[in-house]
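The values are calculated or read from the model by the stated rules, or taken from the named source; none is laboratory data. Here the structure is a predicted model, which means the values were calculated and not measured. As a convention, Cβ positions derive from the backbone with ideal geometry for all residues, glycine included, and neighbour counts pool all protein chains shown.
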Amino acid sequence: MDGCGNFKTFVKIMLPDAKPILTSCFLFAFVWQWTDSFYSKMFLGNITLLSGKLTALTQLLTDYLVSAHGTGSKPSIAYGQMIISTGMIMAIIPLLIIYVVAQKGFVENISQTGLKM
C-alpha cells in the first residue's frame, strides 16, 4: 500500500491474516491457564483456587448439614458426586462461552493449516 508506514501496513495487511492464528493461540493459552492448578498454586502461594474449592464441596456440605441440624446426617455419595459435577460444569462455563465466541477463527486456523481432525 502506497504511503503506509510500518504500523499501518502491519494493521491493514498482516493483522487480518493473523486473526485465526491469534485466536487459536489465545484459546489454547486460556484453557491451559484456566485448568492448570499446579503452576497457579506455585506462583500464587496460599490463595485458595477454584479447583481446591470444587473438591471440598462435599465436605463443606457435610459440615453445613451438621451445623444446621445438629446431627451427624451426611449426604449420600451420589448426592456428593452430583454437587461436585455441578461445580465442575460451572467452572467450565467460561471456557464454553469463549470457545463459542472464538469458534469461527479457530476453525479457520485449522482449515488454513491443513490439520485433519
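Details
- Screening SER51 against (1) touching a Ser or Thr at 6+ places or on another chain (Cβ under 7 Å); (2) at pLDDT below 75; (3) farther than 30 Å from VAL107 by Cα leaves a single unmet condition, (3).
- Index of the failed condition, THR62 passing every other in (1) surrounded by 13 or more Cβ atoms within 10 Å (Cβ to Cβ); (2) at pLDDT below 75; (3) of a type outside the set (A, V, I, L, M, F, W, C): (2)
- For SER85, the stated conditions hold: it is small (Gly, Ala, Ser), part of a helix (DSSP H, G or I) and either surrounded by 10 or more Cβ atoms within 10 Å (Cβ to Cβ) or at pLDDT 80 or above (or both).
- Criterion violated by PHE106 - all others in (1) touching a Pro at 6+ places or on another chain (Cβ under 8 Å); (2) of a type outside the set (D, E, K, R); (3) modelled with pLDDT of 75 or more satisfied: (3)
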